[in-house]
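The values are calculated or read from the model by the stated rules, or taken from the named source; none is laboratory data. Remember, predicted model here, so these are calculated numbers, not experimental data. Neighbour counts are summed over all protein chains in view; Cβ atoms, including those assigned to glycine, are modelled from backbone coordinates with ideal geometry. What goes into the accessible areas is simple: the full protein's heavy atoms, side chains included, and nothing from ligands, DNA or RNA. Shrake-Rupley method; radii C 1.70, N 1.55, O 1.52, S 1.80 Å.
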Amino acid sequence: MSETSEFDRLLTQLPLWLETSRKRAAEGKVASYIPELSKMPQSALGIAVLDANGRTASAGDCGIPFTMQSISKVFTLILALMDNGEAAVFDKVGMEPTGDNFNSMLKLELVRPGIPFNPLINAGAIAVSSLIAGADSEEKSSRILSFFRKLAGNPSLELDEDVYRSEAATANLNRSMAYLLKDNGVLEGGVDEVLDVYFRHCSIKVACADIARMALVLAFDGADPLTGESLIPRRYVQIAKTFMITCGMYNASGEFAIQVGLPAKSGVSGGILTLVPGRYGIGVVGPALNRKGNSIAGVHLMETLSREFDWSMF
Ligand code: DON
């Protein structure tokens with residue numbers, strides 16, 4: 001199918017497919033272990049698909065704000081790579097999927113040398129936070145926010161302070177994980193400082209259009225097709241996209257690779273960032289999660305789109 005007719009079909013069909021997928025939301029559960037997230041609407045579902053000419057196909061509740069949560073981990077990894085290079089980053093974090101839950105600390109004790117298996121699980125992202133350049137947590141956090149604003153083409157991205165405070169007040173598991181990482185020699189700097197950087201980047205507030213724009217930069221190997229500006233070295237985009245395929249949807253990454261076949265990263269607020277290489281950046285939000293912690297309606301919608309347009313990379 002030519003790109004124009006595909007996009008036209010997307011424009012007309014997307015609202016219908018979205019309403020079919022929305023029904024799945026009733027079977028899911030909105031995250032509540034970060035208390036503030038439980039306020040997200042159970043039945044919401046939105047999507048924005050952005051192409052290299054700046055055209056957007058969107059449907060449903062694409063305007064509702066949500067926090068990036070684990071989607072942010074893709075971009076803090078990229079920033080850490082840009083700040084430190086590959087060797088220094090992979091000295092502190094591995095390259096392999098775990099098959100465990102995203103917040104598991106099991107392997108940190110079981111498998112020597114006790115570094116996190118990959119940068120997209122909580123332990124790995126906490127380690128990555130400590131590698132962001134900056135004199136203190138404030139400077140690190142503000143460098144992350146500036147980088148995300150640039151990638152999203154949105155200078156007004158801000159933190160959701162309520163979600164940030166809610167997570168910081170309840171993150172007993174992440175806190176214990178960070179202390180274990182510190183003891184294993186993985187973390188640079190103080191545990192509280194590193195965690196603060198991590199909680200802050202998880203709490204950056206976006207809408208589907210922001211995620212679609214960030215994804216579009218990855219779809220075009222680090223060069224923003226809308227401005228022509230090179231924002232990320234191609235090699236680091238390659239690393240990030242590979243992690244998205246192998247670990248981006250937690251321990252459902254294999255299933256997503258088979259059913260959808262695109263690099264993706266989800267977050268517990270119900271966001272999904274995904275992309276069609278060389279073509280589209282896609283942002284999805286659907287707060288009701290399946291048992292693996294991914295947006296139940298969002299995954300269903302992506303399965304539909306991939307099948308209808310034969311988007312799988314494999
Ligand atoms: O640390 C947490 O639990 C959340 N801030 C992010 C978790 C999430 O989105 C799932 N992660 N892979």
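Odds and ends about this structure:
- Net length gained if the chain between Leu11 and Glu161 were fully extended (0.36 nm per residue, minus Cα distance): 50.5 nm
- Exposure of Glu161 as accessible area (Å², to 10), given a probe of 1.4 Å and all protein chains: 90 Å²
- Shape analysis of region 220-314 yields a ratio of the Cα radius of gyration to the Kirkwood radius, Rg/Rh, of 0.97.
- Placing a label point 7 Å from the Cα of Glu255 along the Cα-to-Cβ direction, the residues of region 15-48 whose backbone N falls under 14 Å of that point are 27-29.
- The Rg/Rh ratio for the chain, using Cα coordinates for both the radius of gyration and the Kirkwood hydrodynamic radius, is 0.95.
- What the Cα convex hull of region 70-202 gives, in volume per residue, is 99 Å³.
- Take every pair of alpha-carbon atoms less than 8 Å apart whose residues are at least six positions apart; their mean separation over the length of region 1-95 yields a relative contact order of 21 percent.
- Model label points for Ile64 and Tyr179, set 7 angstrom from Cα along the Cα-to-Cβ axis, are 3.7 nm apart.
- In this label model, Ala135 and Ala223 are separated by 3.7 nm, measuring between points 7 Å along each Cα→Cβ vector.
- With all protein chains in place and ligands, DNA and RNA left out, the 1.4 Å accessible area ranks Tyr179, Tyr164 as Tyr179, Tyr164, largest first.
- Largest to smallest in accessible area, the residues His300, His201 fall in the order His300, His201 (1.4 Å probe, all protein chains included).
- Based on C-alpha pairs under 8 angstrom that are at least 6 apart in sequence, region 70-202 has a relative contact order of 30 percent.
- Calculated FRET value between Tyr33 and Asp310, using beta carbons and R₀ = 30 Å, to 0.05: 0.20
- Positive-end extreme of charge dipole, region 1-149 - chosen from Pro65, Ala88, Thr98 (charges on Cβ): Pro65
- Largest first, the residues Tyr198, Tyr236 sort by 1.4 Å accessible area into Tyr236, Tyr198.
- Nonlocal amide H pairs with Asn184, under 5 Å, H built at 1.01 Å: none
- Restricting region 1-76 to trypsin sites (Lys or Arg not before Pro) in coil, as DSSP defines it, with at most 13 other Cβ within 10 Å: Arg55
- Separation of the Glu19 and Ala52 label points, Cα + 7 Å toward Cβ, nm: 3.4 nm
- Rg over Rh, two decimals, region 157-270 (C-alpha only, Kirkwood Rh): 1.01
- Value of [θ]222 nm, deg cm²/dmol, for the chain, DSSP H segments ≥ 4, -39500 (n - 2.57) each, nearest 500: -14500 deg cm²/dmol
- Loop-located trypsin sites (Lys or Arg not before Pro) in region 230-314 (DSSP state other than H, G, I, E, B) with a sparse environment of at most 16 neighbouring Cβ atoms within 10 Å: Arg291.
- Dipole moment magnitude, nearest 20 debye, the chain about Cα centre, only Lys, Arg, Asp, Glu C-beta charged: 460 debye
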